[in-house]
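Q: To start, I am sharing the structure in question, which I have written as structure tokens.
The values are calculated or read from the model by the stated rules, or taken from the named source; none is laboratory data. All of these numbers come straight from a predicted model, not from anything done at the bench. Glycine gets a Cβ as well: all are built from the backbone with ideal geometry, and neighbour counts include every protein chain shown.
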Amino acid sequence: MNWLEINAPAIAQSLQPGLTREQIETQLQALPFRPPEEVYQFYQWRNGSSIEVTVEGKSHQTSIELLPIHRLLSLEEAIDEYTTFCEIYSDRADSNHYLPLLADSANYYLAKGDNRSTTATIFSSNVYSDEFCFEFDSLADFIQAIAECFETGAYYLELNDTWFNWNNAKEKQIWLKYQPHHAVNVDRLLQNQIQDLSEQELQRACFDLAISQHPQALPFFVQKHKEAQAEYEHLRAISEVNQTELTLSEKLEAIESPPQIPSLKFRPLDSIRRIDSIEAIRYLFDLFKSSDLQGQQKIIRQLNQNIGDRDVVYEAGQQDLEMIDRLRQMLQQFPGNQDMETLLQRLENKLV
């Protein structure tokens with residue numbers, strides 16, 4: 001709050017006064033459970049954020065961001081969102097014990113638990129998936145992480161000081177300090193001790209390793225990509241040798257149940273694409289030049305996924321003019337690719 005008052009007074013002023021415990025209890029009558037004590041403390045501190053905006057001549061109240069993209073919900077909004085949330089996840093037996101605290105159009109941060117617990121476990125969810133991601137052991141840890149992101153510049157103000165942008169790597173490095181369970185899984189990943197990780201935990205560890213710009217991230221995923229290529233070539237060689245000996249039914253079964261390539265579970269290309277460094281981009285560009293048509297199409301898909309919005313792409317273009325030549329080669333191979341044309345134009349304009 002101190003940081004907001006100094007650096008983002010418009011947002012600080014938008015935070016609504018806290019509720020009394022009696023007011024909280026009255027509103028919570030609409031829920032089939034009572035949340036942990038931390039949630040009561042949270043809404044006694046502030047009751048979400050709200051500012052008056054005018055749209056087409058009509059004024060109305062709207063929440064503004066406290067966490068980038070996400071609105072800090074008042075208790076009334078949280079209960080309304082809870083109803084929507086339960087409708088979306090109606091097939092999940094435990095969905096009625098998650099209370100949304102922050103939300104955007106498709107994502108939630110939720111407090112899980114009941115009043116038998118002092119602390120509220122924090123989960124994230126996306127309405128387009130059925131996964132609930134464990135984020136923080138407590139609401140206090142969540143707020144600590146957000147506060148440190150403010151203080152270190154991981155979150156910074158844009159658009160008339162009413163919304164935040166963020167540095168992915170800085171945010172992830174800070175969050176992992178308050179997420180020891182995720183930090184441990186990243187260490188297990190780097191040490192190839194993944195036998196006890198679920199599929200969701202493994203994918204989260206790959207994401208955290210790449211986004212945090214860990215110094216070992218690029219070498220790790222490059223090695224996994226090379227292993228995946230070697231495994232693929234080995235399986236293809238075996239398949240070609242044995243293909244003539246298979247019956248028709250066996251061939252059909254092989255098509256329906258293709259052999260698994262263990263290293264692909266690390267999604268190495270997708271992870272490399274998430275590493276916001278010149279070296280990672282250069283690796284993908286060089287890999288494009290040495291790949292077959294199918295491989296080139298995969299790399300194009302990776303490069304088209306938000307890489308064009310990253311400052312490091314411009315930095316790469318400024319430091320290494322060969323980057324632009326590589327983009328031109330890609331466009332010659334895949335003419336009419338709108339994403340790549342836009343990225344090339346933006347790079348060239350930046351250089352001019």
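Q: For the stretch 203-235, give me the residue count where each residue is surrounded by fewer than 19 Cβ atoms within 10 Å (Cβ to Cβ) and either over 19 Å from residue 187 (Cα atoms) or not aliphatic (A, V, I, L, M) (or both).
A: Here the count works out to 15.
Q: I've got another one for you. With respect to residue 154, is the statement that it is small (Gly, Ala, Ser), buried (at least 19 other Cβ atoms within 10 Å of the Cβ), touching an Asp or Glu at 6+ places or on another chain (Cβ under 8 Å) and without any contact (Cβ under 8 Å) to a residue 60 or more places away in the chain true? Before the answer, list the steps.
A: On the way: small (Gly, Ala, Ser): yes; buried (at least 19 other Cβ atoms within 10 Å of the Cβ): yes; touching an Asp or Glu at 6+ places or on another chain (Cβ under 8 Å): yes; without any contact (Cβ under 8 Å) to a residue 60 or more places away in the chain: yes.
So residue 154 fits the description; yes.
Q: Okay, moving on. Could you check the stretch 126-158 and list, in sequence order, the residues that are out of contact with any helix residue (DSSP H, G or I) (no Cβ under 8 Å at 6 or more places or on another chain), over 22 Å from residue 11 (Cβ atoms) and hydroxyl-bearing (Ser, Thr, Tyr)?
A: Residues satisfying the conditions are 128, 129.
The rows are residues; the columns are (1) part of a helix (DSSP H, G or I); (2) of a type outside the set (D, E, K, R); (3) not assigned by TED's automatic domain parsing to the domain that holds residue 69.
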position	(1), (2), (3)
170	yes, no, yes
175	yes, yes, yes
181	yes, yes, yes
187	yes, no, yes
194	no, yes, yes
207	yes, yes, yes
210	yes, yes, yes
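Q: Looking at the stretch 118-131, which of its residues are surrounded by 14 or more Cβ atoms within 10 Å (Cβ to Cβ) and either closer than 14 Å to residue 141 by Cβ or not assigned by TED's automatic domain parsing to the domain that holds residue 33 (or both)?
A: Within the stretch 118-131, 119, 120, 121, 122, 123, 124 meet the criteria.
Q: So which helices (runs of 4 or more DSSP H) are wholly in the stretch 1-85 and hold at least 1 residues that are within 29 Å of the chain's Cα centre (by Cα), at pLDDT 95 or above and not aliphatic (A, V, I, L, M)?
A: In the stretch 1-85, 37-45 are the helices (runs of 4 or more DSSP H) which contain 1 or more residues that are within 29 Å of the chain's Cα centre (by Cα), at pLDDT 95 or above and not aliphatic (A, V, I, L, M).
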